[in-house]
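Structure in structure tokens, see below.
The values are calculated or read from the model by the stated rules, or taken from the named source; none is laboratory data. Just so you know, these numbers come straight off a predicted model, no measurement behind them. Please note: Cβ atoms are built from the backbone with ideal geometry, for glycine as well, and neighbour counts cover all protein chains shown. Protein only, heavy atoms only, side chains kept; ligands, DNA and RNA dropped before computing areas. Shrake-Rupley method; radii C 1.70, N 1.55, O 1.52, S 1.80 Å.
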Amino acid sequence: MRLLLSVLIVANLVLAGYGLLRVTSRPSQHRSELVNADQIRIVPPPPPAQSRPAACLTWGSFAPTELDGVRGELEQALSPGRWSEARVQVIAGWWVFIPGTRDEEELGRRVRELRSLGIEDYYVIATGGELRNTISLGIFKTEETALGFLDGLRSRGVRNARLGARDHRITQTVFVVRDPDVGVSSRLAELALRYPGTELKSGACPMGERSDRPQ
């Protein structure tokens, strides 16, 4: 009887020890899993590839009275849809004008004389001050272009026009070609030689360009 009781006691002790061993071994295994989890790095997805910005040739700038002629030249030199237009602000430092007068009758005579010579593109400054009744005939970015315009007026019979320096901020038009090849660049360079005072520049494409020729 004592022997049976001893065997039962030993068996219970063995079972208790095995259970204790299982309980104490679990945290150790869990800690190992946590250590491995700390070693995991989350790699973010690569950023999207940046597209190369378009490069443009920009030619100009041109006054409204010049646009039709330049558009015709571009239509002959480049394929349809190859060029566009953009509006830009430029500083024009020269102007051609007829000095003002306080005599309203004299002003009227000067205006009639211009019209008789076929000159319709002018502006009479009606505000007060020293420029009152001055007749503005043209505003230009360069002195060379202004002098050429003045010579043209004199050849048509305008004798009292003058050249002056005066800063104006005006809106003009440039022509834009995106990603030009060598052939297109050469044709534009040839065109630019026919228009003194214009610039052909390579760089970033301007904002606000309009595709194709306006209808």
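Listed here are the residues, each with its yes/no results for (1) among the basic types (Lys, Arg); (2) modelled with pLDDT of 85 or more; (3) within 30 Å of GLY118 (Cα to Cα).
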position: VAL174; (1), (2), (3): no, yes, yes
position: GLY197; (1), (2), (3): no, no, yes
position: LYS201; (1), (2), (3): yes, yes, no
position: PRO214; (1), (2), (3): no, no, yes
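Next question, about the same structure. Report the residue count in the range 153-182 for those that are assigned to a helix (DSSP H, G or I) and surrounded by 13 or more Cβ atoms within 10 Å (Cβ to Cβ).
First, the residues of the range 153-182 that are assigned to a helix (DSSP H, G or I): 153-155, 182.
If we keep only those that are surrounded by 13 or more Cβ atoms within 10 Å (Cβ to Cβ) too, we end up with 153.
Summing the residues that are assigned to a helix (DSSP H, G or I) and surrounded by 13 or more Cβ atoms within 10 Å (Cβ to Cβ) in the range 153-182 gives 1.
Residues of the range 74-90 being modelled with pLDDT of 85 or more, open to solvent by 40 Å² or more (accessible area, probe 1.4 Å) and more than 18 Å from the chain's Cα centre (by Cα), which ones?
GLU75, GLN76
To continue, here is another question. Taking GLY93, is it free of Cβ contacts under 8 Å to residues at least 12 places away in the same chain, more than 26 Å from VAL184 (Cα to Cα) and either open to solvent by less than 70 Å² (accessible area, probe 1.4 Å) or within 27 Å of the chain's Cα centre (by Cα) (or both)? Walk me through how you get there before you give the answer.
Details: free of Cβ contacts under 8 Å to residues at least 12 places away in the same chain: no; more than 26 Å from VAL184 (Cα to Cα): yes; either open to solvent by less than 70 Å² (accessible area, probe 1.4 Å) or within 27 Å of the chain's Cα centre (by Cα) (or both): yes.
No: the conditions fail for GLY93.
Out of all the residues in the range 119-171, which are without any contact (Cβ under 8 Å) to a residue 40 or more places away in the chain, touching a strand residue (DSSP E or B) at 6+ places or on another chain (Cβ under 8 Å) and under 15 Å from PRO99 (Cβ atoms)?
Within the range 119-171, the first condition is being without any contact (Cβ under 8 Å) to a residue 40 or more places away in the chain, and the residues that meet it are 119-120, 122-135, 147, 151-152, 154-156, 159.
Retained after the next criterion (residues that are touching a strand residue (DSSP E or B) at 6+ places or on another chain (Cβ under 8 Å)): 119, 122-125, 133-135, 147.
Residues satisfying the conditions are TYR122, TYR123, VAL124, ILE125, ASN133, THR134, ILE135.
Test of understanding: among GLY93, GLY72, GLY100, which residue is part of a helix (DSSP H, G or I) and either of a type in the set (Lys, Arg) or at negative phi (or both)? Break it down into steps so the answer makes sense when it comes.
Details: GLY93 fails: part of a helix (DSSP H, G or I); GLY100 fails: part of a helix (DSSP H, G or I).
Among GLY93, GLY72, GLY100, only GLY72 is part of a helix (DSSP H, G or I) and either of a type in the set (Lys, Arg) or at negative phi (or both).
Can you work out which of the residues in the range 183-195 that are open to solvent by 100 Å² or more (accessible area, probe 1.4 Å) and not hydrophobic (A, V, I, L, M, F, W, C) is modelled with the lowest pLDDT? Walk me through how you get there before you give the answer.
Start the filter on the range 183-195 by keeping residues that are open to solvent by 100 Å² or more (accessible area, probe 1.4 Å), which leaves 190, 193-194.
Now drop any that are not not hydrophobic (A, V, I, L, M, F, W, C), which leaves 190, 194.
Numbers: GLU190: 88, ARG194: 85.
Top of the filtered list is ARG194.
Something else about it: Counting just the residues of the range 96-134 that are charged (D, E, K, R) and surrounded by 14 or more Cβ atoms within 10 Å (Cβ to Cβ), which one comes out nearest to ALA54 (Cα to Cα)? Even if it seems obvious, please write down each step before you answer.
Kept after step one, since they are charged (D, E, K, R), are these residues of the range 96-134: 102-106, 109-110, 112-113, 115, 120-121, 130, 132.
Imposing the further condition that a residue be surrounded by 14 or more Cβ atoms within 10 Å (Cβ to Cβ) reduces the set to 110, 113, 132.
Numbers: ARG110: 51, GLU113: 51, ARG132: 48 Å.
Applying the filter and picking the extreme gives ARG132.
For the range 122-142, name all the residues that are among the basic types (Lys, Arg) and either modelled with pLDDT under 90 or under 17 Å from GLN172 (Cα atoms) (or both). First the steps, then the outcome.
So the first thing to find is which residues in the range 122-142 are among the basic types (Lys, Arg), and the list is 132, 141.
Selection gives LYS141 alone.
While we're on this one: Without any contact (Cβ under 8 Å) to a residue 40 or more places away in the chain and under 28 Å from the mean Cα position of the chain (by Cα): is that true of GLY183 in this structure? Talk me through it step by step, then tell me what you get.
Details: without any contact (Cβ under 8 Å) to a residue 40 or more places away in the chain: yes; under 28 Å from the mean Cα position of the chain (by Cα): yes.
In short, yes.
Out of curiosity, is THR65 hydroxyl-bearing (Ser, Thr, Tyr), assigned to a helix (DSSP H, G or I) and surrounded by 12 or more Cβ atoms within 10 Å (Cβ to Cβ)?
On the way: hydroxyl-bearing (Ser, Thr, Tyr): yes; assigned to a helix (DSSP H, G or I): yes; surrounded by 12 or more Cβ atoms within 10 Å (Cβ to Cβ): no.
So THR65 does not fit the description; no.
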